[in-house]
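I have placed the structure first, in the form of structure tokens, so that the comments after it can refer back to it.
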Amino acid sequence: MKMRVVIGVSLFTLFAFCLLLLAQEKSETQKRSGQIATTTATDTEKKNIEEYIKLLRENVGQEKDELLGAVLQLNADQAAKFWPIYDEYNAEMSKLNDLKQANINAYAREYQQLTDEKADQLIMENLGYQKQRTELLAKYYERVKQELGAVTAARFVQVENQLLLLIDIQRASTLPIVG
């Protein structure tokens, strides 16, 4: 079971990294060929990127529960306590992630005509989302710690942080690259 989870996470990580490399390679190819990078991709490219992100989110969601279960190694009593807490956390985090994604989309959409004021607004909002995400994780760390102890809560935070980093890489791959 652990080996399957490790392989799954490794494959997912590799896939996310490949998406990031492809986005960067595309930008470099455009630069080398003398094309001017535009702020928005074609409609087809936008739809493809949105579908990739949706697919990756679904895969993360599917793998997340399995990965957490494997890492946390919860017995039936512990699982009965953990999963309802996690479901609440995940619902709150999903709402926050949607707001963050909308912010990223706005930044990408307005990239070429970005004013100082708009750039400042978008970045300050993004920093606010990061802060809220950290606060949310801390809140649920305390809840899990209270119910299951610090070791289990720490494992939860460790895995969740790694998954959030993967999601951030996915999002970053959609941003225009400065150059």
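Values quoted throughout were computed directly from the atomic coordinates according to the rules given, and no laboratory measurement underlies them. Because the structure is a prediction, the values reported are computed rather than measured. Cβ atoms come from the backbone with ideal geometry, glycine included; neighbour counts cover every protein chain shown.
Okay, here's what the table says:
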| quantity | calculated |
| --- | --- |
| Flag if ARG109 is charged (D, E, K, R), crowded, with 16+ Cβ neighbours inside 10 Å and under 19 Å from ARG171 (Cβ atoms) | no |
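Matching residues to (1) within 22 Å of the chain's Cα centre (by Cα); (2) buried (at least 16 other Cβ atoms within 10 Å of the Cβ):
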| position | (1), (2) |
| --- | --- |
| LYS118 | no, no |
| LEU122 | yes, yes |
| TYR129 | yes, yes |
| LYS139 | yes, no |
| GLU147 | no, no |
| ALA154 | yes, no |
| PRO176 | yes, yes |
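Rundown of residues vs (1) touching a residue at least 12 places away in the same chain (Cβ under 8 Å); (2) among the charged types (D, E, K, R); (3) closer than 16 Å to ASN90 by Cβ, yes/no style:
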{"residue": "ASN126", "(1), (2), (3)": "yes, no, no"}
{"residue": "ARG133", "(1), (2), (3)": "yes, yes, yes"}
{"residue": "TYR140", "(1), (2), (3)": "yes, no, yes"}
{"residue": "ARG143", "(1), (2), (3)": "yes, yes, yes"}
{"residue": "LEU148", "(1), (2), (3)": "yes, no, no"}
{"residue": "PHE156", "(1), (2), (3)": "yes, no, yes"}
{"residue": "ASN161", "(1), (2), (3)": "yes, no, yes"}
{"residue": "LEU165", "(1), (2), (3)": "no, no, no"}
{"residue": "ILE169", "(1), (2), (3)": "yes, no, no"}
